[in-house]
Amino acid sequence: MPTIEVIEGDITSLTVDAIVNAANETLLGGGGVDGAIHRAAGPRLLAACRALPQVRPDVRCPTGQARITPGFDLPARFVIHTVGPVWVGGGQGEPDLLASCYRESLRLTLESGVRRIAFPAISCGVYGYPLDAAAAIAVRTVRAWQTAQPLRTVFCCFDASAASAYRRLLERDD
Ligand code: APR
């Protein structure tokens, strides 16, 4: 039976199979959760990302897609890097791209034997996606992800307001 839970904390501290990184298309690190994950994983993470093939100059992971690397010094075995859309008002395909981030990250759990995965609030920081709208897409996409394997999904929120937004959504069944 798949489970979904919400916690408030630092995703780099979680002992799960995979944590998801809200990265940028270069996969060469940044601020926010990307910076925290690279700091905690150590320099081998950047080397592993740099070794991933570029699909076009300076792009290793196009927006909406996901790539997997080891977690190195993190408690998590893997990091799944995904690139959320920058919010530009909602009319440029942002909702579909954000849903794709969750779906493509979940798809990578199939081939890597990941049973417990933690997501940050993708695109809700620097990329400016409104939290309630992003959380609704996250919950709807994870709920729709039905596979044979029982997957445990954690929404790891960095602050109380984000955690309460996710909890409000999970209390509704729609
Ligand atoms: N653990 C969990 N969540 C975190 C952590 C952490 N250690 N640090 C930040 N967050 C939360 C933020 O509070 C926000 O809700 O992650 C969410 C996503 O925010 P960002 O990290 O800014 O990511 P995003 O909005 O997707 O922007 C991505 O920022 O860091 C750069 O390289 C990254 O260019 C990319 C862009």
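Picking from residues in region 94-137 that are on the phi > 0 side of the Ramachandran plot and surrounded by fewer than 24 Cβ atoms within 10 Å (Cβ to Cβ), the one that is farthest from the ligand (Cβ to nearest atom) is 113. For region 20-33, a residue qualifies if it is near the ligand (Cβ under 6 Å from one of its atoms) and more than 13 Å from the chain's Cα centre (by Cα), and the qualifying residues are 30, 31.
The residues in region 4-19 that are near the ligand (Cβ under 10 Å from one of its atoms) and within 22 Å of residue 61 (Cβ to Cβ) can be counted, and the count is 4. Looking at the structure I just gave you, is residue 67 among the charged types (D, E, K, R), more than 13 Å from the ligand (Cβ to nearest atom), in contact with a helix residue (DSSP H, G or I) (Cβ under 9 Å, 6 or more places away or on another chain) and within 28 Å of residue 47 (Cβ to Cβ)? So residue 67 fits the description; yes. Of the candidates 109, 69, 82, the single residue that is β-branched (Val, Ile, Thr) and free of Cβ contacts under 8 Å to residues at least 60 places away in the same chain is 69. Selection over region 34-48 of residues that are crowded, with 17+ Cβ neighbours inside 10 Å and either more than 11 Å from the ligand (Cβ to nearest atom) or touching a residue at least 40 places away in the same chain (Cβ under 8 Å) (or both) gives a count of 4. Selection over region 49-65 of residues that are small (Gly, Ala, Ser), surrounded by fewer than 19 Cβ atoms within 10 Å (Cβ to Cβ) and either in contact (Cβ under 8 Å) with a residue 12 or more places away in the chain or within 24 Å of residue 102 (Cβ to Cβ) (or both) gives a count of 0.
Readers should treat all values here as calculations from the given coordinates under stated rules, not as data from a laboratory. All values derive from a computational prediction rather than experimental measurement. Cβ atoms come from the backbone with ideal geometry, glycine included; neighbour counts cover every protein chain shown.
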